[in-house]
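These notes concern the structure reproduced below.
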Amino acid sequence: MNTPEKPTSPLFLDFWSGLSQNNPVFVQMLGLCPTMAVSNSLENGLAMGLATTFVLLCSSFLVSAVRHYIPSEVRLTSYILIIATFVTVADMVLAAGFPEISKALGPFIPLIVVNCIILGRAEAFAGKVGPLRALADAAGMGAGFTFALLLISGFRELLGSGSLLGYNVLGPRFEPWVFMVMPPGGFLTLGLIFLFMGWRMERDMRRAKEEKA
Amino acid sequence: MNDLAWIFFSTVLVNNFTLAMFLGLCPFFGVTSKVDNAWRLGAANTFVLVITSLSVWLLNTFLLAKTPFLRTIAFIVVIASTVQIVEMIIKKYLPGLFRELGIYLPLITTNCAILGLALFQTTRNYNLIQGIVFAFGAGLGLTLALTLMASIRERMDVADVPTMAKRMGLVLVVASCLSMAFMGFAGLGSQ
């Protein structure tokens, strides 16, 4: 951003909402399939988060820029086509520049097309506002998604392989908890995060009630 | 024949689309509060999966051999139109079923299980018969996972659980246990 922004400007709010109170994974529960499928190592999680953010930024900008020219009857089809185009770009860039990551993520890169976060933002936000706000919102949603992926994949890699980004952290005497990098570990990690959030919400509500009494 | 049976059982049980490969989680968490809805949605998905498998085979064999970079776009367009056609056919000939499925029918388009099937079928080079068996197995596996989850959630509704687990937390932990149970099938078909 070339202009310094006050923390309360709408652009910043658009960005911040995706990161916190409207976090796509933890609050809206969108895009769960890629969240769990590729979060068995921090590297995969980071790559998936960045690829999705790229597609989100490009497609939100384009959807917002051409929003006056798309008749509303065919808007979903047009959005899907725009998204699929950028996903193909991301897929080819990854395959050319980072063949190892591309191989590890496999079909989950093309599957970004059906990530409900992207179509959801195009339909609920980008198709209704100007390109600048759409970009800010996409950046926030992308950052929120990447943050969620980093949290889950970091937890799973740390417990499941005893390492972070491939570097051994917990030392040679740590017995890897292989369960965590297998499919059930994904469900369990997200379940634990939801339980923790539910516990905090309940505690806050109880405290508010006690203060009132 | 042996090969076909292996594809079928490995897709239904060992590599279950929902519980082992995380495809189609949206309906898995969204629609599984009632057993009736769960298996109906599973049946509709199976139908779309089989038709998609057929169309993807046609596309791969006759159109996309020289232009593999168009795959993602071509697949999603074919899936969207397939769902639309299925919706129209069911509406015309089976209006009762159409009313019962309601909004779930168009939502099948954005179910990643369908696009996932198309992509896996392509990367594994399945022929027509293998593809259809694969699609049928995937649909059956999806229906199985949806129905199991819905049955458990119906029981959970009447159970007394702590407030902090009332929302999605407990559902995800239960999904983890289901997924763990399905890992037990891994010994069935190790290739």
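Rule-based calculations on the coordinates, nothing more; no lab input. What you see is a predicted model, and the numbers here were worked out from it, not measured in a lab. All Cβ positions, even for glycine, are placed from backbone atoms using ideal geometry, and neighbour counts span all protein chains on display.
Over all residues in B:171-178, what is the mean tally of Cβ atoms on other chains that come within 10 Å of each residue's Cβ?
Details: counts 3, 13, 8, 2, 8, 11, 4, 2.
What the average comes to for B:171-178 is 6.
Using a Gaussian network model of chain A in which every pair of alpha carbons under 10 angstrom is joined by a spring, one finds that among A:THR52, A:THR35, A:THR189 the greatest mean-square fluctuation is at A:THR189. Kirkwood's formula applied to the C-alpha pairs of chain A gives a hydrodynamic radius of 18.6 angstrom. Sequence-distant contacts, meaning Cα pairs under 8 Å at least 6 residues apart, place the relative contact order of chain B at 46 percent. Compactness of the stretch B:98-146 was expressed as the Cα radius of gyration divided by 2.2 N^0.38 Å, which yields 1.29.
Just check the protein assembly as shown against the gyration tensor rule for me: Cα atoms, a ≥ b ≥ c as the square roots of the eigenvalues, rounded for a/c under 1.5, and otherwise prolate or oblate depending on whether a/b exceeds b/c. It comes out rounded by the Cα gyration axes. Between A:LEU164 and A:LYS128, the simple spin-label model (points 7 angstrom out along Cα→Cβ) gives 4.0 nm. Pairwise Cα distances in the stretch A:148-202 exceed 16 Å in 45 percent of cases. Relative to the longest principal axis of the Cα atoms of chain B, the long axis of helix B:128-157 makes an angle of roughly 10 degrees.
Pairs of Cα atoms nearer than 8 Å and 6+ residues apart set the relative contact order; for the stretch A:10-212 it is 34 percent.
Computed over chain A with a Gaussian network model linking Cα atoms closer than 10 Å, the most mobile of A:ALA37, A:ALA104, A:ALA122 is A:ALA104.
Taking the Kirkwood radius as the inverse of the mean 1/r across Cα pairs, report the Rg/Rh of chain B.
Numbers: Rg = 17.4 Å, Rh = 17.4 Å.
Expressed as Rg/Rh, it is 1.00.
Label separation (A:MET205 vs B:LYS91): 4.0 nm, computed from points 7 Å beyond Cα along the C-beta direction. Just checking the listed ones, B:ALA118, B:ALA181, B:ALA138: in the Gaussian network model of chain B with Cα springs under 10 Å, the one fluctuating most is B:ALA181.
Averaged across A:196-207, how many Cβ atoms of other chains sit within 10 Å of each residue's Cβ atom?
Values: counts 2, 4, 9, 5, 1, 3, 5, 1, 0, 1, 1, 0.
Shielding by partners across A:196-207 averages 3.
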